[in-house]
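Heads up: the structure comes next, in structure tokens.
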Amino acid sequence: MKDLRDKLQIVGDDILSVSERYQREQNSVQLLAVSKRHEASVIREAFACGQTAFGENYAQEMLEKAKQLSDLAIEWHFIGPLQSNKTRPIAAVADWVHTVDRLKIAKRLSDQRPDDLPPLSLCLQVNISAEASKSGVLPHEVFALAKEVALLPNIKLRGLMAIPKTETDFNKQREIFVKLRGLQEDLIKKGMTQLDTLSMGMSTDMPAAIAEGATIVRIGTAIFGQREIK
Ligand SMILES: *Cc1c(COP(=O)(O)O)cnc(C)c1O
């Protein structure tokens, strides 16, 4: 417990000091604690330390944890690959989905969002390093997809997300993140002024992401250590 509290504190302090270094507005970077493959009890501990937003990659795992932790006001973010046969339960449980790269998935999430819940916050995943094997919409296709998704009634399009290829050099990390930021700025210029989210940066590239305007950083290992389950 002490250990987890310390790590949350260290990551939180890191986010603050990097934000200051790059003159980011106060409180403009949110920490998403990526709890995939850690037990629900660990999430409960982190919540008791004040962390409220958690990210999960596997639909079934998120659903089970949400059930076990239904007494807590957790903000659930789905950040894994999403197949169409899993959209219904995700639409019922998630507050955010970061990984939409097809209109079909966005439509299903909108159709299946329960009426008593607010619109689902959604980010489009961009294949920013343009790797053939990775998921994500290609940069030149983002605007067309965003236009369609923004029209869906039970979806609130919030911005863009990327998982760049692993890169250890800080300046090279920045070069990739600046591309995502540029795409977002382009969408805003074209009239999508509601966009307020750049979901980018993980344990190893968080400072570069914040330098380039990340508003949500997705941190797993630096908080929870090596993943346990499976
Ligand atoms: C696992 C994961 C993270 C967290 O990665 P760490 O390196 O453990 O911080 C962030 N984003 C996505 C999409 C992930 O799958």
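Structure above, values below:
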{"read-out": "Residue within region 8-29 that is surrounded by 13 or more Cβ atoms within 10 Å (Cβ to Cβ), farther than 22 Å from Ile223 by Cα, modelled with pLDDT of 95 or more and not charged (D, E, K, R) present", "value": "yes"}
{"read-out": "Leading residue by the ranking (farthest from Ile163 (Cα to Cα)) among those in region 108-128 that are surrounded by fewer than 19 Cβ atoms within 10 Å (Cβ to Cβ) and in contact with a helix residue (DSSP H, G or I) (Cβ under 6 Å, 6 or more places away or on another chain)", "value": "Pro114"}
{"read-out": "Long-range neighbours under 6 Å by Cβ, at least six apart or interchain, first residue among the polar types (S, T, N, Q) within region 219-230, second within 9 Å of the ligand (Cβ to nearest atom) and part of a loop (DSSP other than H, G, I, E, B)", "value": "Thr221/Ser203"}
{"read-out": "Those residues of region 134-154 which are away from the ligand (no atom under 15 Å from the Cβ) and under 23 Å from Val34 (Cα atoms), in sequence order", "value": "Val137"}
{"read-out": "For Gly159: the one exception among (1) within 16 Å of the chain's Cα centre (by Cα); (2) away from the ligand (no atom under 16 Å from the Cβ)", "value": "(2)"}
{"read-out": "Some residue of region 95-115 being under 17 Å from Thr221 (Cβ atoms), basic (Lys, Arg) and within 18 Å of the chain's Cα centre (by Cα)", "value": "no"}
{"read-out": "Strands (runs of 3 or more DSSP E) completely within region 1-120 that count 2 or more residues being over 23 Å from Pro207 (Cβ atoms)", "value": "75-78, 96-100"}
{"read-out": "Qualifying positions in region 87-104 - away from the ligand (no atom under 16 Å from the Cβ), under 24 Å from Leu138 (Cβ atoms) and surrounded by 14 or more Cβ atoms within 10 Å (Cβ to Cβ)", "value": "Thr87, Arg102, Leu103"}
{"read-out": "Glu185 being out of contact with any strand residue (DSSP E or B) (no Cβ under 9 Å at 6 or more places or on another chain), of a type outside the set (A, V, I, L, M) and at pLDDT 95 or above", "value": "yes"}
{"read-out": "Subset of region 181-218 that is charged (D, E, K, R) and without any contact (Cβ under 8 Å) to a residue 24 or more places away in the chain - its residue that is farthest from the ligand (Cβ to nearest atom)", "value": "Lys189"}
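Here is a yes/no grid of residues against (1) in contact (Cβ under 8 Å) with a residue 60 or more places away in the chain; (2) within 16 Å of the ligand (Cβ to nearest atom); (3) under 26 Å from Ala211 (Cβ atoms); (4) within 20 Å of the chain's Cα centre (by Cα):
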{"position": "Arg5", "(1), (2), (3), (4)": "no, no, no, no"}
{"position": "Val11", "(1), (2), (3), (4)": "yes, yes, yes, yes"}
{"position": "Tyr22", "(1), (2), (3), (4)": "yes, no, yes, no"}
{"position": "His38", "(1), (2), (3), (4)": "yes, yes, no, yes"}
{"position": "Ala73", "(1), (2), (3), (4)": "no, no, no, yes"}
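The values are calculated or read from the model by the stated rules, or taken from the named source; none is laboratory data. This is a predicted model, so every value here is computed, not measured. Backbone-built Cβ (ideal geometry, glycine too); neighbour counts: all protein chains shown.
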